[in-house]
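Contents: one structure, followed by commentary.
Only the coordinates and a few stated rules stand behind these numbers; no lab work does. Given the structure is predicted, the values throughout are model-derived calculations rather than measurements. We place every Cβ from the backbone using ideal geometry, glycine too, and count neighbours over all the protein chains shown.
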Amino acid sequence: NILLDEKGNIQIIDFGLSKWLSLGQKTTTICGTLQYIAPEVLSVRPYDHRVDWWSLGILMYACLFGEYPVSATKDHLSMANK
């Protein structure tokens with residue numbers, strides 16, 4: 001989660017589900033906000049730190065254009081099929 005205060009300061013919070021991965025290590029934990037989750041996570045494939053870059057890209061897109069690049073659906077399976 002990213003918070004922004006009235007002075008424009010950014011605060012990154014809520015690392016409760018974060019996981020530290022060693023070089024080359026992958027995980028299969030499924031968590032996150034649907035619109036930001038990378039395709040490999042939605043497809044329940046092992047993934048690494050690169051999914052964080054995906055999420056950052058979605059965040060930047062949403063900040064620039066005021067909408068998500070793919071419209072959200074009601075569940076993870078439907079989103080994985082987009």
Summing -39500 (n - 2.57) over every DSSP H run of at least 4 residues in the chain and dividing by its residue count gives a helix-only mean residue ellipticity at 222 nm, to the nearest 500 deg cm²/dmol, of -8500 deg cm²/dmol
Of the candidates Ile10, Ser71, Leu23, the farthest towards the positive dipole end of the chain (Lys/Arg Cβ +1, Asp/Glu Cβ -1, centred on the Cα centre) is Leu23
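Give me the net charge of Thr28's neighbourhood, meaning all other residues with Cβ under 13 Å from the Cβ of Thr28; Lys, Arg count +1, Asp, Glu -1. Let's see the in-between values first.
Working: positive: Lys19, Lys26, Arg45; negative: Glu40, Asp48.
My count for the surroundings of Thr28 gives +1.
If you take the Cα atoms of the chain, find Rg, then find the Kirkwood Rh from the mean of 1/r over all pairs, what is Rg/Rh? Before the final figure, lay out each step's value.
Working: Rg = 13.9 Å, Rh = 14.1 Å.
On the Cα set of the chain, Rg over Rh gives 0.98.
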Once both label points are put 7 Å beyond Cα along the C-beta direction, the Glu6-Asp52 separation in nm becomes 3.2 nm
